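Working notes, beginning with the structure itself.
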Amino acid sequence: MDDQNQEHKSDSSDLSDEADTLNYVLYRDRPEWKDVQPIAQDDGPAQVVQIAYSNKFSDVFDYFRAVLKSEEKSVRVLGLVTDALTLNPANYTVWIYRLEIVKHLKVDLHNELEYISNVIREFTKNYQVWQYRKTIVEMLNDPSGELEFTADILDMDSKNYHAWQYRQWVLTTFSKLMENELNFVDNLISHDMRNNSAWNQRYFVVNNSDPNNDVINKEIEYTFGKIQILSKNESAWNYLRGLLLYSENGILEDKVRDFCSKLYNKGNRSTHLMSCLIDLTDADDSTNPENIEKIKFALKLCSDLASVYDPIRRFYWEYIYKDIELKFNFKEHDT
Amino acid sequence: MNKPQLKPEQHKKYFRRSLDLLPGEVAVFDYSRLTILYFALIGLDILDGLDSLTDDRKKDIVEWVYRLQLVPNEYCSVHKCGFMGSTTVIHLKNHPGSEKYCESNVAMTYMALCILITLGDNLSRVNKSAVLKGVASLQKPDGSFKSNYEHGESDLRFVYCSLAICNILNDSSSINVNNAIKFISNCLNYDGAFGQNPGTESHGGSTYCAIASLSLINKLNHVLDENKSKILERWAVNRQTNGGFQGRPNKDPDTCYSFWLGATLSIMGSLNRINKERNRDFVLNNANLLTGGFSKNMDSIPDPMHTCLSLCGLSLIGEENLNPINPALNITVRAANYLKQIQGDYTLPNQNIFNTDTDC
C-alpha cells in the first residue's frame, strides 16, 4: 500500500498540472468559505449558447457572484479572483473587482505588477490583461520596467499587436523613454526584415521626432539598403512611400526614380518595385510628348505584372492598366 | 484536382449545435456569449437556414437577448445602459450599489441589435434613448469610444460598434460625429491603411472598422480622397497571398480576412480587383468536413467566428446558394431591408439621422 502511494506521488510530481488538479479543493468544499452562499448563474428559462462549464469553473464563478454581491474585499477574495482570472482572463468585470480589492487592501502595487506580468506571459493576446497592466503602471507612475517587459513579450512573438500597442502607449505617455527606441527597432528589423510591426514602430518613432530633411534622407538611404537586400519585402517599400510623404516631390523625388530605375535595369522584377515605377509615371501629370514612352513603359509593367510577376492580382493590374490609359487619354494606336 | 464545394447543411448543423451547447474549452467566451450567438445566427441567415429554427426557439433566443438589456432605473444610471454580453453577473441587475460591475458593452449592444433584427424583432423593447445615451457616455475627448464605462479600452472597434448602433437606431444626435471622424482620420497610417489607434500598425480588422464606419455616416470621401482611396485599395488587394487574405503584410493568411478585407473592398466598390476564385478555394479548403464549420487556417479547429466570417467572405464574392450581406453592418441584405422597414416605424420626423445607404 505504502509502496503504491509512493509510486503514485512520484508519478504526479512529474505532471505538476495534474497534481494541482488532484490537490485542488472546490470552494464549496472549503471550510473557510462555509459562511458564503454561492450564487448560480441565472440563465433564464431558455437554453441559448450554453457552455458546458467544468465543475471548477462553475464553482469559482458561483462564489465570485456571491462576493460581488456582498462586496467582500478581503484576502480570501483576492485568491478567489485570481482563480477566476486564470479560468477566464477575458472577464473584465473580474479585473475591475480585482482592482477594487487591491486598492482596498492596499496591496503593494509592485507585487500586483509582477502578478499581471505572469498572467500576460500566459495570455499574451488578451485585451483585458494589457488594460489592467496599464492601470497598475499609471497608479505606480513608474514605467521603468515596461520597455523591457514588452521586449520580452515581443521576443515570444515579434508581431504581437497588443504588446506593440501597449509599448506605444508607454512611449507616448512617458516621453523620455523614446531615446533608445530606434535601436530596439533596428535590432528587430536586422533580425527579420519582414517584420512589418517593427517597420511601423520605426515610422512611429521617426514621425514623433518631428524629423528634418536630414533625418528623412538618412531614413530613405537606410530603406534603400534594406530593399537592396530583400527587394520583395512589402514592408520596406511601404515605409519608403511613407517617408516620401515628408518630401515635397513625393514619389517623384529624383533619388527614388534613380534607385528604382537602376534596380529594374539590373533585372530586378520585384512586384513592389514595378508598382513603384508605375506610380512614378502615374504621378507625373506633365503632358510632355516624350511622356509617351514613359506611359508605354508603365503599361508594359502592368501587363508584365498581370501575366508573369503578380498573376494573383491580375484583375488589379488590368484595372491599373486601363486607369493609366484613361488618365493619359492613351491608346496603343496613338503611337 | 476537384474544386472544393460548399456544404451548407454541415455548416447549418455546426451553427445549430453552437446555439445549443458549447464545450467547456470555450469558457473564455463566458463573458461574451452573445458574440457566439451573433456569429451563429448571422451565419445561419447567410446559409438561408433560419427556417431550421422553430418559432419557439427564435422567441427563446429573442427573450434571452432582451434579458441582457440594462435599462435606466434607481440601480442603473443611463450611462451604463445597453446590452451585456452574457448572464454571468445578471444577478446584480437590480441590486443596489453594484452599478460598477453590471454594465453594458458597446460591442455587445451592436451584436444584440443585429441578432434581434435578424430574427425579425422590431426593436420595440429596446430602450433606444438609453442605449444612445449609453453609447454617448463611452466617447472620449479624442473622438474614440470605449468598450464599456469602467476601465474599458478604446479603439476603432468600438468606434465602429457605436456608429453602427446609431445607424441602426437612426439617431446620431447623442454623439460627436465630427470627433469620431477625426479619430478615424488619425488612425490612417503611412501605408494608406488603418491601425486600431493612432500610430499602431495597419491591420485588416481595423481598416474594416474605419471604412465601414465612414460608409455608415456617408463620409468615406471626406476622409479618403481619390489618391488615398487608391493607396488603400492597393494595400487591401496586396493582402491576398497564396489565395487567402492576411491581416497585415508578411503574415499568414486567415479565413476571417476574406471578410474584413473583402468587405472593405466591397464598400469601396473595388472587390472585382481581387482574385475571387483563389480566395474562394482558400476559404473552402479550411472547412472542416467532419464537424462542419471553418477554421482560420489548416492548423486550427473551427470556431463560430471564423465560420461566420468565412461565409460572409464567400457571400461577398458571390458564392452560390448564400444570401448576400450588407458589408457595412455585417447582417444579411434581407435583414438590412427589414431594418429599413422598421426604422420608418420608430424614427420620428425631423430627427437627426444618418443615411443608411452604403456604397455597394
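The values are calculated or read from the model by the stated rules, or taken from the named source; none is laboratory data. Worth saying up front: this structure is predicted, and the values here are computed from it rather than measured. Here Cβ is always computed from backbone atoms with ideal geometry, including for glycine, and neighbour counts include all displayed protein chains. Heads up: the accessible areas ignore ligands, DNA and RNA and are worked out on the full protein's heavy atoms, side chains in. Shrake-Rupley method; radii C 1.70, N 1.55, O 1.52, S 1.80 Å.
Rank A:F259, A:F123, A:F149 by mean-square fluctuation in a GNM of chain A with C-alpha springs under 10 angstrom and give only the top-ranked residue. Of the options given, A:F259 has the highest mean-square fluctuation.
Over 31 Å between Cα atoms: which of A:K296/B:K276; A:K296/B:K251; B:K100/B:K251; B:K13/B:K228 fall into that group?
A:K296/B:K251; B:K100/B:K251; B:K13/B:K228
Summarised as an ellipsoid, the protein assembly as shown has semi-axes of 45, 31, 25 Å, derived from the eigenvalues of the Cα gyration tensor scaled by 5 and square-rooted, with the largest first. Between B:V131, B:V159, B:V237, find the one with the highest GNM mean-square fluctuation for chain B; connect C-alpha pairs within less than 10 Å. Maximum fluctuation in the GNM of chain B, among the listed residues, is at B:V237. An oblate overall shape is assigned to the range A:153-275, the ratio a/c of its alpha-carbon gyration tensor axes (a ≥ b ≥ c) being 1.5 or greater and a/b not exceeding b/c.
Compute the orientation-averaged projected area for the range A:22-80 from the convex hull of its Cα atoms and round it to one decimal in nm². Don't skip to the answer; put the middle values down first.
Details: hull surface 19.8 nm².
Approximately 5.0 nm², given one-decimal rounding.
Summary of the geometry: the range B:1-63 and the range A:48-95, compared by the centres of their Cα atoms, lie 27 Å apart. Against chain A, whose longest principal axis comes from its Cα atoms, helix A:181-191 is set at around 80 degrees.
With an a/c value of 1.5 or above and a/b not larger than b/c for the gyration tensor axes a ≥ b ≥ c computed over the alpha-carbon atoms, chain B is described as oblate.
Each of B:W235, A:A283, A:L245 was scored by the projection of its Cα onto the charge dipole of the protein assembly as shown, and the greatest displacement toward the positive side belongs to A:A283; charges sit on the C-beta of Lys, Arg, Asp and Glu. If one takes the longest principal axis of the Cα atoms in chain A, at what angle in degrees, from 0 to 90 and to the nearest 10, does the Cα axis of helix A:2-14 lie? Roughly 30 degrees between the two axes.
Hey, can you find the accessible area per residue of the range A:91-135 for me, probe 1.4 Å, expressed in square angstrom?
Working: 1890 Å² over 45 residues.
It amounts to 42 Å² per residue over the range A:91-135.
Across the range B:1-140, C-alpha contacts under 8 Å between residues 6 or more apart give a mean separation that, scaled by the residue count, equals a relative contact order of 25 percent. Considering only Cα-Cα distances, which of the following residue pairs are longer than 29 Å: B:K219/B:K340; A:K134/B:K219; B:K133/B:K340? Correct reply: A:K134/B:K219.
Tally up the carbon and sulfur contribution to the accessible surface of the protein assembly as shown as a whole percent, 1.4 Å probe, everything protein left in place. Reported share for carbon and sulfur atoms: 47 percent. Computed over chain B, the per-residue total of -39500 (n - 2.57) for DSSP H runs of n ≥ 4 gives a 222 nm mean residue ellipticity of -14000 deg cm²/dmol, rounded to 500.
Taking every pair of alpha-carbon atoms in the range B:34-142, give the share separated by more than 23 Å as a whole percent.
Values: 1742 of 5886 pairs.
For the range B:34-142, the share of Cα pairs beyond 23 Å comes to 30 percent.
The angle between the Cα long axis of helix A:196-208 and the longest principal axis of the Cα atoms of chain A comes to about 80 degrees, rounded to the nearest 10. Helical runs (DSSP H, four residues minimum) scored at -39500 (n - 2.57) apiece and divided by the length of chain A put the mean residue ellipticity at 222 nm at -21000 deg cm²/dmol.
Nearest 100 Å², what total accessible surface is buried between chain B and chain A (probe 1.4 Å)? If you can, show how the numbers build up before the last one.
On the way: alone 15950 and 20200 Å², together 30050 Å².
It comes to approximately 6100 Å² buried between B and A.
Which of rounded, prolate, oblate describes the range B:209-279, given a ≥ b ≥ c as roots of the alpha-carbon gyration tensor eigenvalues and a/c under 1.5 marking rounded, otherwise prolate only if a/b is larger than b/c? In terms of gyration-tensor shape, prolate. Listed by chain and number, the lysines placed with their C-alpha closer than 24 angstrom to that of A:K34 are A:K56, A:K69, A:K73; residues fewer than eight positions away on the same chain are left out. DSSP beta bridges confined to the protein assembly as shown are antiparallel in about 85 percent of cases.
Accessible area per residue of the range B:196-251 at 1.4 Å probe, in Å²?
Details: 1630 Å² over 56 residues.
Heavy-atom SASA per residue in the range B:196-251 reads 29 Å².
Can you give the Rg/Rh ratio of the range B:130-183, where Rg is from the C-alpha atoms and Rh is the Kirkwood radius? Dividing the radius of gyration by the Kirkwood radius yields 0.91. With a threshold of 30 Å on the Cα-Cα distance, the over-threshold entries among A:K159/A:K266; A:K226/A:K300; A:K176/B:K146; B:K3/B:K59 are A:K159/A:K266; B:K3/B:K59.
The aspartates and glutamates within cross-link reach of B:K140, meaning a Cα-to-Cα straight distance under 12 Å and a gap of 8 or more places when in the same chain, are B:E153, B:D155. Taking B:S202, B:S173, B:S266 as the candidate residues, the one with maximal mean-square fluctuation in a Gaussian network model of chain B, Cα springs under 10 Å, is B:S173.
Here, chain A is characterised by an Rg to Rh ratio of 1.17, where Rg is the alpha-carbon radius of gyration and Rh the Kirkwood radius.
For chain A, averaging the sequence separation of C-alpha pairs within contact (under 8 Å, six or more residues apart) and dividing by the residue count gives a relative contact order of 7 percent.
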